[in-house]
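Notes follow the structure.
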Amino acid sequence: MFRTTFNPRTMEGDVIVNLSLIDKQDYDDVLKIFSMAINSGLSVSPLLKILHEGDSIGERKIGKDEVGFATVCSITIDGLLLKAGVMVKPRFGGLVEIRDGEPVRFTNVLTYQSTTIDPLEVLMSQELTSVMSMLKTGSGKILANLREAPMVARDIIDSTLSDMVDAGINGILEVGEPNTRILDVPVERDHLGIVVIGGTNPMAIVQEHGIPIRTNAMSTLIDINELSHINDIV
């Protein structure tokens, strides 16, 4: 969060990315799934970078017969709010039940304090999602995060989130009212809740299709201008 430098108004700076690795033979199928998920709004941003054998990102080098997908991580949103002066506290990652197209409540959750691995990475590994079912029927369970922020910063939060949307970062599922439960979860006094769509939802769909995928959440930072829109890649 502290190292995020992206400015949504100038479209310059570094964002946090997740890195997912697949076998080269699955590339076409995975690209179609990513395109479907991203264009359905189940991602933080439509921007991503595809890396092939021998390419490097951060300290990681793509291995033989591997393809890497670098996608924007939801923690980027926390970084942008932090740069705007809002002290955001990530509380947990979890599954949000969607019913008839509307988010209802958090079900399974895992706090950031209780794990050294990204909570959504852990939940995805347990194969608890039903993201594809949600896309087909309007009901299912998707990955999302809950953050808390001081209610006195509401105007700054709204302004910053508006700038994010204009920049194509639109992973906000819901913003709660001060001192009010959000998706059936209570928030700290004098705070409000912000629910952010998990950046690993496209990977969860790939997994639901039985395609092996290895995801490293919050893998590294990358200049926003190194990323391309999914529709320019497919």
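Between segment 158-185 and segment 72-134, what is the separation of their alpha carbon centroids in Å?
13
At a Förster radius of 35 Å, what calculated FRET efficiency corresponds to the Cβ-Cβ distance of residue 25 and residue 139, to the nearest 0.05? Intermediate values should be presented prior to the final figure.
Numbers: r = 33 Å, r/R0 = 0.93.
Using R0 = 35 Å, I get an efficiency of 0.60.
In nm, give the distance between the simple-model label positions of residue 12 and residue 159, each being 7 Å from the Cα along the Cα-to-Cβ direction.
Distance between label points: 2.1 nm.
Please check which bits of segment 193-234 a label hung off residue 35 would reach, taking the label as a point 7 Å along Cα-to-C-beta and the cut-off as backbone N under 16 Å.
206, 228-234
Checking a compactness column here: for segment 75-197, what do you get for Rg(Cα) / (2.2 N^0.38 Å), N being the number of residues? Don't skip to the answer; put the middle values down first.
Working: Rg = 14.3 Å, N = 123, 2.2 N^0.38 = 13.7 Å.
My calculation over the Cα atoms of segment 75-197 gives 1.04.
Rounded if a/c is under 1.5, else prolate if a/b beats b/c, else oblate: with a ≥ b ≥ c from the C-alpha gyration tensor eigenvalues square-rooted, which is segment 129-234? If you can, show how the numbers build up before the last one.
On the way: a/c = 2.19, a/b = 1.38, b/c = 1.58.
Here segment 129-234 falls in the oblate category.
Per DSSP helix of 4 or more residues, -39500 (n - 2.57); summed, then divided by the residues of the chain. What does that give at 222 nm, rounded to the nearest 500?
Working: 7 runs with 61 residues, N = 234.
Only helices count here, giving -7500 deg cm²/dmol.
How many percent of the accessible area of segment 75-197 is carbon or sulfur, using a 1.4 Å probe? Before the final figure, lay out the partial values.
Numbers: 2700 of 5600 Å².
Carbon and sulfur atoms account for 48 percent of the accessible area of segment 75-197.
Return the distance in nm (one decimal) between the two label points of a simple spin-label model at residue 233 and residue 126, each offset 7 Å from Cα along Cα→Cβ.
2.9
Given q = 0.29 Å⁻¹, what are the Debye log10 I(q)/I(0) values for segment 183-228, with equal point scatterers placed on the Cα positions and solvent ignored?
-1.08
Report relative contact order for the chain in percent, whole number only (criteria: Cα-Cα under 8 Å, sequence separation at least 6). Mind showing how you got there, number by number?
Working: 514 pairs, mean separation 73.3, N = 234.
So the answer I get is 31 percent.
Along Cα→Cβ, 7 Å out, is where each label goes; now give me the distance between the ones at residue 3 and residue 117 in nm to one decimal.
2.1
How large is the charge dipole for the chain, taken about the Cα centre, if only the Cβ atoms of Lys, Arg (+1) and Asp, Glu (-1) carry charge, to the nearest 20 debye?
Values: 20 positive and 32 negative charges, 80 e Å.
That gives the chain a dipole magnitude of about 380 debye.
Set the Förster distance to 25 Å, then compute FRET efficiency between residue 209 and residue 82 from the Cβ-Cβ distance, nearest 0.05.
Working: r = 36 Å, r/R0 = 1.42.
After rounding, the FRET efficiency stands at 0.10.
Sort segment 66-139 into rounded, prolate or oblate with this rule: let a ≥ b ≥ c be the square roots of the eigenvalues of the Cα gyration tensor; rounded if a/c is under 1.5, and if a/c is not under 1.5, prolate when a/b is larger than b/c, oblate otherwise. The partial results should precede the final answer.
Working: a/c = 1.58, a/b = 1.39, b/c = 1.13.
Cα axes put segment 66-139 in the prolate bin.
Averaged per residue, what accessible surface does the chain expose to a 1.4 Å probe, in Å²? Mind showing how you got there, number by number?
Values: 10630 Å² over 234 residues.
Averaged over the residues of the chain, the accessible area is 45 Å².
Kirkwood hydrodynamic radius, the chain, all distinct C-alpha pairs: what's the number in Å? Kindly include the intermediate steps, with their values, before the conclusion.
Details: mean 1/r = 0.0563 Å⁻¹.
After inverting the mean inverse Cα-Cα distance, the result is 17.8 Å.
Where does the Debye-calculated log10 I(q)/I(0) of segment 129-190 sit at q = 0.18, 0.23 Å⁻¹, using only Cα point scatterers of equal weight, no solvent?
Result of the Debye calculation: -0.82, -1.03.
Based on the alpha-carbon gyration tensor of segment 1-65 and its eigenvalue square roots a ≥ b ≥ c, which shape applies: rounded if a/c is under 1.5, prolate if not and a/b is larger than b/c, or oblate? Don't skip to the end; give the middle numbers.
Values: a/c = 2.83, a/b = 1.29, b/c = 2.18.
Oblate, since a/c reaches 1.5 and b/c is not below a/b.
Determine the gain in length on full extension of the stretch residue 166-residue 53; use 0.36 nm per residue of separation and subtract their C-alpha separation, reporting nm with one decimal. If you can, show how the numbers build up before the last one.
On the way: separation 113, 0.36 × 113 = 40.68 nm, distance 3.37 nm.
Result for the pair: 37.3 nm of gain on full extension.
The values are calculated or read from the model by the stated rules, or taken from the named source; none is laboratory data. Note that the coordinates shown come from a computational prediction; the quantities given were computed from them, not determined experimentally. With ideal geometry, Cβ positions are generated from the backbone for all residues, glycine too; neighbour counts draw on all protein chains shown. Surface areas here come from the heavy atoms of the whole protein model, side chains and all, with no ligands, DNA or RNA. Shrake-Rupley method; radii C 1.70, N 1.55, O 1.52, S 1.80 Å.
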